[in-house]
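Encoded as structure tokens, the structure appears first; notes follow it.
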Amino acid sequence: MTDAIALLVVVPIVLALAPIAFGRLWDRTGWLAALLAGLAHLGLALVVAATVFSTGRFTYAVGNYRPPFGIELVADGVSATLALLVSIVTLAVVVYARRAGPDTNEFYSGLLILTAGISGVFVTGDLFNLYVFIEITGLATYALVATGRSPAAALSSLKYLLVGTIGASLYLLGVGYLYISTGTLNMADLAATIPEVGYDSPLILTGFGLIVVGLAVKAALFPLHTWQPDAYADSPDSVTAYISALVSTAAAYALFRVIYAVFTPAFDAATPFALDALVILASVSVVVGSVLAVLQSDLKRMLAYSSVAQFGLIVAGFAVANATAVTGGLIHLVGHAIMKAGLFVGVGALAGVAGGRTVDDFAGVADRAPVTSAAFAILAFALVGVPPAVGFAGKWHIVLGAVEGGRWGVAVVAVVSTLLTLAYFARVVERMYFRDAAAEPAGDADGPPVDAPATDGALASDGGSGGSGVDVDPDDDASVTPEDGDGSAPDASAVSIEAKAVVVAAAVGAVVLGLFATDLVSVFEPVLEVYFE
């Protein structure tokens, strides 16, 4: 119906070539190309969303080859919303990376390739094409994690590569089993053909199991999460913010599409043990991820384990298999991306002021960076599920759906997870607001710069910026602005305007999205009505 849906993938790939072609002429080519790609992606996503909201779900046959032989792209309320999410997160990270780095053309090329891959995951209607986009996403992510200038980043990237390749291989094997049994790869055709083969067919059950396990690796569900904490902790802050917001989100979305667009709720009715197993896996991931997050002192690792728990909760919502719980899973999928991106940017920005990124390092940081600290605290409590933020809306629907479906265990796990989330974020906020800094290693945010010691090399992961979200270019006197803006000299350990803007925007977005959660439900409702009619 509109070429905009295909251009969501094409435009970032084309502009990813610009830093390679023109990078030697101007070292800011990469940043400019990424900014233009983000703006173009936003315009295209708005066109797709407007078309969906005016005419409903539509499909696009790539190259005019109709399915089942051609590749089909699909836009509906869910995919259009997530395409907009990609645009917003991409623009936010590009703005933040201008000061925080990594300031290389290769980084921006990789970022745009990743944008294209994630966009493809959200709009494809073909299982094999989904595998292709998952692999594009994975390869770009492996490279971006390795942009951290430390041996730890390279090792984390290699671990992610090995584990991610296993996950992708399992997914592809599962797709192969489905193709052998049905003769098609188009999701809509599979939904019509699988019942004819039989839900209890060994090929169908094996295909489902392999696909789910492969996507669970990508979504970092326990015990398949081992790649995630190191990848998040050792990559540059800009990279962590982007992949935490979108990479596992893409895998969880793919799991949603496989369960409901391919196998449909009728599969759960015929073989309930399949989704029962997924409910158990997701619930264990929620509890273990939350407990491990409580035990962390490094804030990036704490947020990484938090993601293990949050995606477990999202997948549990999907596996409950009723409209209310799935709606909650989708709301939390969108909300988590915004909240977690803002939290990781906040950690990176405040670490430069605090002189480290451990819980104890953040003691008294609210006095030195009040605006960013307030936004970080709002995001933390939003992820806990304090109303009216979007975290509450998502969790409420998941709990309500679990009760409706008789899945009391999921409801209890969601409540326990909320309490544990409060426990590990309360520690951080308490240090920020109610403890005095033991020392001033990073200097006062309004005073002259003081050399800040890096902790375990983590703060140097952005190529010298210390993960603080600031530009350390000695020739750029306007690179940072003190938090309180009193006209004093710029401080290399103060929070940059860009970082502050991103964290504040994320906090505002989390609250506004929660206030308008009913509108988000109405966007998802037509999609779910097709599955649960």
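Of all the listed residues (S87, S79), the sole one being buried (at least 18 other Cβ atoms within 10 Å of the Cβ) and touching a Leu at 6+ places or on another chain (Cβ under 7 Å) is S87.
Restricted to the range 16-31, and to residues that are outside any loop (DSSP other than H, G, I, E, B) and in contact with a Ser or Thr (Cβ under 9 Å, 6 or more places away or on another chain), which residue is surrounded by the most Cβ atoms within 10 Å (Cβ to Cβ)?
Going through the range 16-31, the residues outside any loop (DSSP other than H, G, I, E, B) turn out to be 16, 18-22, 29-31.
Narrowing further to those that are in contact with a Ser or Thr (Cβ under 9 Å, 6 or more places away or on another chain): 16, 18-22, 30.
Values: A16: 23, A18: 20, P19: 27, I20: 15, A21: 11, F22: 14, G30: 29.
The residue in question is G30.
For the range 134-141, does any single residue satisfy the condition of being within 26 Å of V258 (Cα to Cα), surrounded by fewer than 18 Cβ atoms within 10 Å (Cβ to Cβ) and under 17 Å from the mean Cα position of the chain (by Cα)? Within the range 134-141, one or more residues are within 26 Å of V258 (Cα to Cα), surrounded by fewer than 18 Cβ atoms within 10 Å (Cβ to Cβ) and under 17 Å from the mean Cα position of the chain (by Cα). Please determine whether any residue of the range 268-281 is crowded, with 24+ Cβ neighbours inside 10 Å, of a type outside the set (S, T, Y), touching a residue at least 60 places away in the same chain (Cβ under 8 Å) and more than 21 Å from I204 (Cβ to Cβ). Scanning the range 268-281, I find no residue that is crowded, with 24+ Cβ neighbours inside 10 Å, of a type outside the set (S, T, Y), touching a residue at least 60 places away in the same chain (Cβ under 8 Å) and more than 21 Å from I204 (Cβ to Cβ), so the answer is no. Please pick out the residue among D126, D189 that is surrounded by 24 or more Cβ atoms within 10 Å (Cβ to Cβ), under 28 Å from L7 (Cα atoms) and among the charged types (D, E, K, R). So the residue among D126, D189 that is surrounded by 24 or more Cβ atoms within 10 Å (Cβ to Cβ), under 28 Å from L7 (Cα atoms) and among the charged types (D, E, K, R) is D126. Screening V291, V371 for residues that are touching a Leu at 6+ places or on another chain (Cβ under 8 Å), touching a residue at least 12 places away in the same chain (Cβ under 8 Å), surrounded by fewer than 24 Cβ atoms within 10 Å (Cβ to Cβ) and in a helix (DSSP H, G or I) leaves exactly one candidate, V291.
Taking the range 322-368 only, how many residues are under 22 Å from the mean Cα position of the chain (by Cα) and not in a helix (DSSP H, G or I)? Outline the logic, then answer.
Pass one, the range 322-368, residues under 22 Å from the mean Cα position of the chain (by Cα): 325-351, 357.
Now narrow it down to the ones that are not in a helix (DSSP H, G or I): 357.
The qualifying residues number 1.
A search for C-beta distances below 8 Å between a residue of the range 1-23 that is among the hydroxyl-bearing types (S, T, Y) and any residue that is in a helix (DSSP H, G or I), counting only pairs 6+ apart in sequence or on different chains, returns T2/V47; T2/V48; T2/T51.
Checked against the criteria, A250 does not count as surrounded by fewer than 20 Cβ atoms within 10 Å (Cβ to Cβ) and aliphatic (A, V, I, L, M).
One line per residue, one yes/no per condition, for (1) modelled with pLDDT under 90; (2) in a loop (DSSP other than H, G, I, E, B); (3) in contact with a helix residue (DSSP H, G or I) (Cβ under 8 Å, 6 or more places away or on another chain):
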{"position": "A375", "(1), (2), (3)": "no, no, yes"}
{"position": "A380", "(1), (2), (3)": "no, no, yes"}
{"position": "P387", "(1), (2), (3)": "yes, yes, yes"}
{"position": "V413", "(1), (2), (3)": "no, no, yes"}
{"position": "A442", "(1), (2), (3)": "yes, yes, yes"}
{"position": "G447", "(1), (2), (3)": "yes, yes, no"}
{"position": "D456", "(1), (2), (3)": "yes, yes, no"}
{"position": "T481", "(1), (2), (3)": "yes, yes, yes"}
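All told, Y260 meets the bar of being within 21 Å of L185 (Cβ to Cβ) and aromatic (F, W, Y). The residues listed here are R407, R357; of these, the one that is in contact with a Leu (Cβ under 6 Å, 6 or more places away or on another chain), buried (at least 23 other Cβ atoms within 10 Å of the Cβ) and of a type in the set (D, E, K, R) is R357.
I need the full set of residues from the range 218-229 which are of a type in the set (A, V, I, L, M) and either surrounded by fewer than 24 Cβ atoms within 10 Å (Cβ to Cβ) or more than 15 Å from the chain's Cα centre (by Cα) (or both), in order please. Reasoning before the result, please.
Taking the range 218-229 as the starting set, the residues that turn out to be of a type in the set (A, V, I, L, M) are 219-221, 224.
Scanning the range 218-229 gives a single hit, L224.
Taking the criterion of being crowded, with 24+ Cβ neighbours inside 10 Å and closer than 16 Å to S496 by Cβ, the residues of the range 90-111 that qualify are A92, V93, V94, Y96, A97, R99, A100, G101, P102. Among residues of the range 381-403 that are under 23 Å from V294 (Cβ atoms), those with a Cβ under 9 angstrom from a residue that is among the β-branched types (V, I, T) and not in a helix (DSSP H, G or I), sequence gap 6+ or separate chain, pair up as F392/V386.
The values are calculated or read from the model by the stated rules, or taken from the named source; none is laboratory data. Worth saying up front: this structure is predicted, and the values here are computed from it rather than measured. All Cβ positions, glycine included, derive from the backbone under ideal geometry; neighbour counts span all protein chains shown.
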